[in-house]
Amino acid sequence: MAQAQKQKHAADTRPWRDPNAIPFVRIEAVSKRFPNGVLAVDQVSLDIYKGELFCLLGGSGSGKSTLLRMLAGFEAPTGGKILIDGEDMAGVAPYNRPVNMMFQSYALFPHMSVEANIAYGLKRDGMAANDIRSRVEELLNLVHLPGYEKRKPGQLSGGQRQRVALARSLAKKPKLLLLDEPLGALDKKLRERTQYELVKIQEQTGVTFIVVTHDQEEAMSLATRIGVMDTGIIAQIGEPNEIYEFPNSRYVAGFIGNVNMFEGVVTEDEPDHVRIRCAETVNDILVPHGVSCAPDQTLWYAIRPEKLQISRERPEGDANFAYGLVDEVVYLGDLSVYYIVLESGMRIQATKPNIDRWDEENIRWDEHIYVTWEGAAGAVLTS
C-alpha cells in the first residue's frame, strides 16, 4: 500500500506523463519572422505544466530567447497562439500578463537599496507600506539575504545580486517567471551553488519557471524537463535523463554532454538485434534490440564516454570493441578522460572514475588498449 502511494505521488509530480493533465502554458504552432526575413521560431508547439521548472536549451540563434520574449509579450508572434493559465495572450500587453521576467543583467537599480529594488513594483502598484515591508522581509528570507536590505547592488557579490533580482521578480507573485540565462554572469562554483538554491526557491514558491540557457549542465541540474532548440524548432522534449540517455538525433546527442558517434551500415536487422558494420570501429556493433530502419541503411551509434571500458586484454566475441592508442590522459580529480585514437584514425573519449587515490595498474599515455561496451549502452540514431 505504501509503495502504491509512493508511486502515485511520483506520478503526480510529473503531470506531463498524465494524458488528462491540463497544461499551464500552451504554445500552439508559434512562429516568429522578423522584418529582415529571419525565421527565428518555426511552428513551435509546447505544453508546460504548473509548478514546472522547464529549461529551453540551445545554442546562439536557436530561437530560445525569442520564444521567451514572446511569452513575456515583448515580441508578437507572426503565427500561432500562446495561452497562459487558459487565457489567450494575443494582444495582452506585457504589464497585464501574469508573468515576470528576470534578465541576464539582473537590471537592478544601482542607486536603490536592496529593499527598495525588491519593493519597486509593489510601490508602483500602490501596496500599503506595512504590507510592502512584510513582503520584502519574506523575500529576503526566501533568498537568504536578511540583513542586506540597506546595501546597494554595488556592495553585493554576483550571486547576491542574482538573488536580489530573483526576489524582485517574485515580489508581485507572478504565475509564471521567465529567466533569461539567469546564472550566466556567475563563476563555475558559485553557479553550481546557486543552481541548487534556485531549485529550492522554485519548489518553495510553487511558481512555474521557464529558464533559457545555453549551458547543458545548468539545464540538467535545474530542469524538470528540457526542450532542446535548434534553428527555431524544438528538436526534443524530455526529462534530463531521457534527453541524455535517449537522444532522438545526432544534434541532440552531440549538444547534451560528450558523445562518441560511430557511423555504420545495417547488415542484420532482426526483431531482437541489429548488427551494424562500422569502418570506424573496424569491428561490428551489435545492438540487442530491434531498430526501425531499412536494409543497408546508414545509422549512427552514439555512446557516452562513461559507458566505455578500457583494458589491455582483448575481449571475446566479434563485436562491440575497438583497438587503439591512448593519445592523451586528462586527470580531473574525480575521473580521468582518456583520448584514444582507433585503428581507423578516429579519436574517441572514454572516462574512468578515480576510485583509488593511486593505482599503479592504471592505463597510461601511449599504451595500446581495447575499448569495449555493452550493445545496449548506446543509442541508435537514424538522423
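The values are calculated or read from the model by the stated rules, or taken from the named source; none is laboratory data. Predicted model only: the values in this text are computed from it and were never measured. Here the Cβ is made from the backbone with ideal geometry for all residues, glycine too, and neighbour counts use every protein chain on show.
Given (1) closer than 23 Å to residue 377 by Cα; (2) in contact with a strand residue (DSSP E or B) (Cβ under 6 Å, 6 or more places away or on another chain); (3) in a helix (DSSP H, G or I); (4) hydrophobic (A, V, I, L, M, F, W, C), where does residue 165 come up short, assuming only one miss? Evaluating residue 165 over (1) closer than 23 Å to residue 377 by Cα; (2) in contact with a strand residue (DSSP E or B) (Cβ under 6 Å, 6 or more places away or on another chain); (3) in a helix (DSSP H, G or I); (4) hydrophobic (A, V, I, L, M, F, W, C) leaves (1) as the failure. Each residue in the stretch 361-373 was checked for being modelled with pLDDT of 95 or more and assigned to a loop (DSSP other than H, G, I, E, B), and 1 of them qualify.
Could you say whether any residue in the stretch 130-141 is in a helix (DSSP H, G or I), at pLDDT 85 or above, within 26 Å of the chain's Cα centre (by Cα) and in the same structural domain as residue 70 (by TED's automatic domain parsing)? No, every residue in the stretch 130-141 fails to be in a helix (DSSP H, G or I), at pLDDT 85 or above, within 26 Å of the chain's Cα centre (by Cα) and in the same structural domain as residue 70 (by TED's automatic domain parsing). Put simply, of 250, 275 the only residue that is under 28 Å from residue 62 (Cα atoms) and in contact with a Leu (Cβ under 6 Å, 6 or more places away or on another chain) is 250. In this entry, residue 112 is excluded by the filter for residues that are of a type outside the set (D, E, K, R) and buried (at least 17 other Cβ atoms within 10 Å of the Cβ). Applying the set (1) farther than 20 Å from residue 72 by Cα; (2) surrounded by 15 or more Cβ atoms within 10 Å (Cβ to Cβ) to residue 193 leaves exactly one unmet item: (2). For the stretch 333-353, the condition of being more than 29 Å from residue 251 (Cβ to Cβ) and in contact with a Phe, Trp or Tyr (Cβ under 8 Å, 6 or more places away or on another chain) holds for none of the residues. Only a single item in (1) crowded, with 17+ Cβ neighbours inside 10 Å; (2) at pLDDT below 90; (3) out of contact with any helix residue (DSSP H, G or I) (no Cβ under 7 Å at 6 or more places or on another chain) is not met by residue 105, and it is number (1). Residue count for the stretch 138-161, restricted to those that are surrounded by fewer than 16 Cβ atoms within 10 Å (Cβ to Cβ) and either within 22 Å of residue 99 (Cα to Cα) or among the hydrophobic types (A, V, I, L, M, F, W, C) (or both): 1.
Among the conditions (1) at pLDDT below 95; (2) buried (at least 18 other Cβ atoms within 10 Å of the Cβ), the only one that residue 304 does not satisfy is (1). Pairing each residue of the stretch 63-85 that is closer than 14 Å to residue 97 by Cβ with any residue that is of a type in the set (Phe, Trp, Tyr), provided the two are 6+ apart or on different chains, yields C-beta distances under 8 Å for 84/24; 85/24. Of all residues in the stretch 153-169, none satisfies being touching a residue at least 24 places away in the same chain (Cβ under 8 Å), in the same structural domain as residue 108 (by TED's automatic domain parsing) and farther than 18 Å from residue 104 by Cα. Listed by position, the helices (runs of 4 or more DSSP H) inside the stretch 181-245 whose residues that are at pLDDT 90 or above number at least 1 are 216-222, 240-245. For the stretch 289-319, a residue qualifies if it is closer than 11 Å to residue 350 by Cβ and assigned to a strand (DSSP E or B), and the qualifying residues are 303, 309, 310, 311. The condition of being of a type in the set (Gly, Ala, Ser), outside the structural domain of residue 246 (by TED's automatic domain parsing) and at pLDDT 95 or above holds for only one of 376, 322, that being 322. Within the option set 80, 51, 73, 58, being closer than 15 Å to residue 228 by Cβ, out of contact with any Cys (no Cβ under 8 Å at 6 or more places or on another chain) and surrounded by 14 or more Cβ atoms within 10 Å (Cβ to Cβ) holds for one residue only, 58. The sole residue among 330, 337 that is surrounded by fewer than 17 Cβ atoms within 10 Å (Cβ to Cβ) and in contact with a helix residue (DSSP H, G or I) (Cβ under 8 Å, 6 or more places away or on another chain) is 337.
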